[in-house]
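Okay, structure first, notes after.
The values are calculated or read from the model by the stated rules, or taken from the named source; none is laboratory data. These figures come from a predicted structure and were not determined experimentally. Here the Cβ is made from the backbone with ideal geometry for all residues, glycine too, and neighbour counts use every protein chain on show. Each accessible area value is taken on the protein alone, full model and side chains, heavy atoms only, with ligands, DNA and RNA left out. Shrake-Rupley method; radii C 1.70, N 1.55, O 1.52, S 1.80 Å.
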Amino acid sequence: MSREKSSGSGKLWGGRFAEATAGSVEAFSASIHYDSRLYKYDIAGSKAHVTMLQEQGILSEEDLKLIVTGLTEIEAEIDRGEFQFKRELEDVHMNIEKALVDKIGPAGAKLHSARSRNDQVALDLRMYLRDQCDYFVELLTAAQQSCVKLARNYIGEMMPGYTHVQRAQPVLISHHMLAYYEMFGRDRDRIQDCRKRINLSPLGCAALAGSGLPINRESVVEALGFDGVTANSMDTSADRDFAIEFVHCLALIQTHLSRISEELVFWSSQEFDFVNIADKFCTGSSIMPQKKNPDIPELIRGKSGRVIGSLMTLFTLMKGLPLTYNRDMQEDKEPIFDAIDTVSSSLAIMAELLENLEFNTQRMNEATQTGFMTATDLADYLVMKDVPFRDAHGIVGRAVAFCIQKGCELADLKIEELQQFSPVIEDDVYAVLTAEGSVNSRVSTGGTARERVEEAVAKAEKQLGMV
Ligand code: ARG
């Protein structure tokens, strides 16, 4: 680390210091290279703050005008990429405040009355995350729409449903895709719920104990689009629950994305050959000319590690921190930002990939014809003929063992052969031994019968405004 000297004189908090900050300390403690992302919120928050100060008679109208104009100019400079962020000014808050003082003089130095960086950083983060909530609701809605479009396009087509990656019962492809519609829907609900706890104004809690100046915390609420103010100044300065909760929502989204990714990876393998992922979403191998690899789902699956990692970082960061603010908390931003960038890009590209996905319906349908997937249907058939379910399970198990020996499926057995296992079996049994019969018998709420799935698709389309 360099031992260069830096000018302590430039510091906004330099008063009690006899010595300039070490260059190594500035380099180690600066956050400006990532928290500059918050500049718009920092400026909007400062404008609302000074407006309140003026309303309360703490700031003159003239100073208010100077500050607001100065902040507007600074924002435009940052927008245009002309603003020079300085590492020795640590973070976004001090960079903007110092630029304001340089620009408008003494009035600029009044901006920080009744405020601390502790409520300021909480304010910026809350406003930023609130907007991110709205953005993620949009992204999730788009991903849901992609799932529902597939469900609509492939309505009536069957595929094997799996447990333990073993063929279990035939289902509709649409039913499978609507499972992801549900997951993304819960993700959206969770984000919207989390937004309620994010969207409270911390401004005016100051360092930790509140302000002794005659401020009015409530008056910034409307200007900044908050739902209210936080209740306890110490909790406010110490709190990052809202960020942990938000990143938890993101980690769960990425977990859902990793599950659909995993399915796409093996569905696109030659062994399954259930889907064709569009060429533009795949890559080739540098050595094996025949390869078409599902890199995008693989990367999404892989990136779940870093998002869950970000959540663990935040938990570990906050665990055991005494009240109230501690500088450790500056470490919250990088994992938050990384989680946001990772999950938003993963969600967007997954939605695009799904829009371009083709199911190999013939192959998927064929796969429903083998693997004794109607065994449960045969057991249910026996139950309807008053055979206790446990006995029915045993009867069908023996019939399956017989088929394995014979090398055939249940539907291939002659009626006399089936009757060896139970005399209650009659000719009508063949209707339940087909995959279609099995699918369409599952009419219970949430089941895979075509009529239930058609209702579910229509309901989803309506909910998403697609019709
Ligand atoms: N850059 C700091 C952070 O992100 C801002 C708050 C600093 N507060 C303080 N008391 N040093 O946490």
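Worth a mention:
- Cross-link partners of residue 65 among lysines (Cα-Cα below 28 Å; sequence separation of 8 or more within a chain): 11, 40, 47, 86, 98, 103, 110
- Think of the chain as having a plus end and a minus end, set by charges on the Cβ of Lys, Arg, Asp and Glu; of 336, 206, 132, 206 sits farthest toward the positive end of this dipole.
- Segment 207-303 - convex hull of the alpha-carbon atoms, volume per residue in Å³: 180 Å³
- For segment 403-467, carbon and sulfur atoms together expose 52% of the accessible surface, with a 1.4 angstrom probe and every protein chain in place.
- Shown in residue order for segment 386-397 are the 3J(HN,Hα) couplings computed by the Karplus curve 6.51 cos²θ - 1.76 cosθ + 1.60 at θ = phi - 60°: 6, 7, x, 4, 4, 5, 4, 4, x, 4, 5, x Hz (x for Gly and Pro).
- Interchain or long-range residues, amide H under 5 Å from residue 229's placed H: 201
- Segment 403-467: relative contact order in percent, alpha carbon pairs under 8 Å with at least 6 residues between: 15 percent
- A Cβ-based charge dipole, computed about the Cα centre of the chain with Lys and Arg at +1 and Asp and Glu at -1, lands at about 940 debye.
- Over segment 117-225, Cα pairs under 8 Å with separation of 6+ residues give a relative contact order of 37 percent.
- Overall, the ratio between the Cα radius of gyration of segment 45-106 and 2.2 N^0.38 Å, rounded to two decimals, is 1.15.
- Convex hull volume of the Cα atoms of segment 323-372, normalised per residue: 134 Å³.
- Using only the C-alpha atoms, the convex hull of the chain corresponds to 214 Å³ per residue.
- Per residue, segment 346-467 exposes 53 Å² of solvent-accessible protein surface, assessed with a 1.4 angstrom probe and all protein chains in place.
- Cβ charges +1 (Lys, Arg) and -1 (Asp, Glu), total dipole of segment 110-227, debye: 200 debye
- Furthest towards positive pole of dipole, 405, 422, 383, structure part segment 375-441, Cβ charges: 405
- The lysines whose alpha-carbon is closer than 19 Å to the alpha-carbon of residue 414, local same-chain residues fewer than 8 away aside, are 406.
- Three-way shape label, segment 130-203, alpha-carbon gyration tensor, a/c 1.5: prolate
- Signed unit charges on C-beta, dipole axis of the chain, positive-most listed residue 155, 264, 46: 46
- In segment 280-408, the convex hull through the Cα atoms has an average projected area of 17.0 nm², a quarter of its surface area.
- Electrostatic dipole magnitude of segment 314-467 [Cβ: Lys, Arg +1; Asp, Glu -1; Cα centre; debye, to 20]: 420 debye
- Based on C-alpha pairs under 8 angstrom that are at least 6 apart in sequence, segment 196-248 has a relative contact order of 45 percent.
- Kirkwood-based shape ratio for segment 24-134, expressed as Rg/Rh from alpha carbons: 0.96
- Distribution of pairwise C-alpha distances over segment 335-439, 10 Å bins, in %: 13, 34, 17, 11, 14, 9, 1
- Anchor residue 280: lysines whose Cα lies under 30 Å away (excluding residues fewer than 8 positions away in-chain): 149, 291, 292, 303
- With all protein chains kept in place, the per residue accessible area of segment 1-143 amounts to 47 square angstrom at a probe of 1.4 angstrom.
- What the Kirkwood sum gives for segment 153-192 is a hydrodynamic radius of 11.4 Å, with every pair of different alpha carbons counted.
- Projected onto their three principal axes, the Cα atoms of segment 427-467 cover extents of 46, 15, 10 Å, largest first.
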